[in-house]
Amino acid sequence: MKRSLFGRVWPNATALVVFAGCVFPVYWMFATALKPTGDIIAEDPVWFPTDITFEHFGTATDAEHFWTYLRNSLTVTCLAVLFSLIIALAGSFALARMRFKGRRGFVIAFMLAQMAPWEVMVIAIYMIVRDASMLNSLVPLTAFYMMMILPFTILTLRGFVAAVPKELEESAMVDGCTRAQAFRRVILPLLAPGLMSTSMFGFITAWNEFPLVLVLSKESGGAQTLPLWLSSFQTQFGDDWGATMAASSLFAVPILILFVFLQRRAVSGLTAGAVKG
């Protein structure tokens, strides 16, 4: 009986410790952003903010080019996710439903592309964009962000398409639907969990990307995004940790909001996409 109780308790206790270790840095970031400067630089740490202030958030939003960089980040991230989903829907359907020569090698190529570190290609990407006279533009950023998240999107959606019985599609075609109409009316609604999980992964990947925008966007206030702005924030404000934590909190808020709204479907989507197909 004791052994059985111990077997149930220690996994939960371990999970709580891991959860606390993961959540505490996020809590400390938001808590520091809400503390007065005196509490931040106090010799004894103030674990819970008592006198809450939003002054540091005002300092962050009033920083030069903040709203421009926010608009740039939202633009390239949302467009990259949207384009990758459109292409991945067609690609995943072809890989799951059609049999053609080289199909297995095609899937392996996508897996290798997913595993390859994009950082090793930064110099080559820079030379291509420079020769095309497209530096300091959102267009190459959007295109390369889309290519970064496309392999994972196709592989994940492939599992969902393969999990949908062919009979449903065939029944819709017997009832008079074309293949395109059967895909839109029957298969596409059933892919909602996969679309949620892949879009969330793509959004996080593109939103946090730093090396590529650092190389391709040289002009301040041009095509730069929030990760690059955040990296220079400490230089602008010196040791103003309150403003720095407020800026970091603002950078994390869109991802937290996205996760709150999509987390249920995203978790089921990642699990199902990993074992089906």
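The values are calculated or read from the model by the stated rules, or taken from the named source; none is laboratory data. What you are looking at is a predicted structure, and each value in this text was computed from that prediction instead of being measured. With ideal geometry, Cβ positions are generated from the backbone for all residues, glycine too; neighbour counts draw on all protein chains shown. We work out accessible area using only protein heavy atoms, side chains counted, and drop any ligands, DNA or RNA first. Shrake-Rupley method; radii C 1.70, N 1.55, O 1.52, S 1.80 Å.
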Principal-axis tilt of helix 66-97 within the chain, Cα atoms, nearest 10 degrees: 20
Tensor-based shape of segment 1-84 (alpha-carbon gyration tensor, a/c under 1.5 rounded, otherwise prolate or oblate): oblate
Point-to-point label distance, residue 179-residue 112, nm (Cα→Cβ direction, 7 Å offset): 2.8
Average accessible surface area per residue within the chain, 1.4 Å rolling probe, Å²: 57
Computed E for residue 128/residue 29 - FRET, C-beta separation, R0 41 angstrom, nearest 0.05: 0.65
Potential extension, residue 13-residue 252 segment - 0.36 nm per residue separation minus Cα distance: 83.3 nm
HN-Hα J in Hz across segment 143-148 - Karplus 6.51, -1.76, 1.60, θ = phi - 60°, x for Gly and Pro: 5, 6, 5, 4, 5, 5
Between segment 135-173 and segment 89-116, the alpha-carbon center distance in angstrom: 11
Radius 14 Å from Cβ of residue 180, net charge of other residues (Lys, Arg +1; Asp, Glu -1): +3
Sulfur and carbon atoms: percent of accessible area, the chain [1.4 Å]: 69
Helix axis angle, 103-115 relative to the chain longest principal axis, alpha carbon, degrees: 0
For the chain, built as a Gaussian network whose Cα springs stay under 10 Å, the top-fluctuating residue of 59, 153, 32: 59
Phi-based couplings in Hz for segment 28-36 (Karplus 6.51, -1.76, 1.60; Gly and Pro marked x): 5, 5, 5, 5, 5, 5, 9, 8, x
Residue-count net charge about residue 49 - beta-carbon cut-off 13 Å; Lys, Arg +1, Asp, Glu -1: -2
Prolate/oblate/rounded label for segment 75-115 (Cα gyration tensor, a/c 1.5): oblate
Selection of trypsin sites (Lys or Arg not before Pro), segment 72-122, meeting DSSP coil and at most 16 other Cβ within 10 Å: 99, 101
All-pairs alpha carbon distance profile, segment 107-202, 10 Å steps from 0, percent: 14, 31, 27, 18, 9, 1
Fully extended contour minus Cα-Cα distance, from residue 75 to residue 53, at 0.36 nm per residue: 4.9 nm
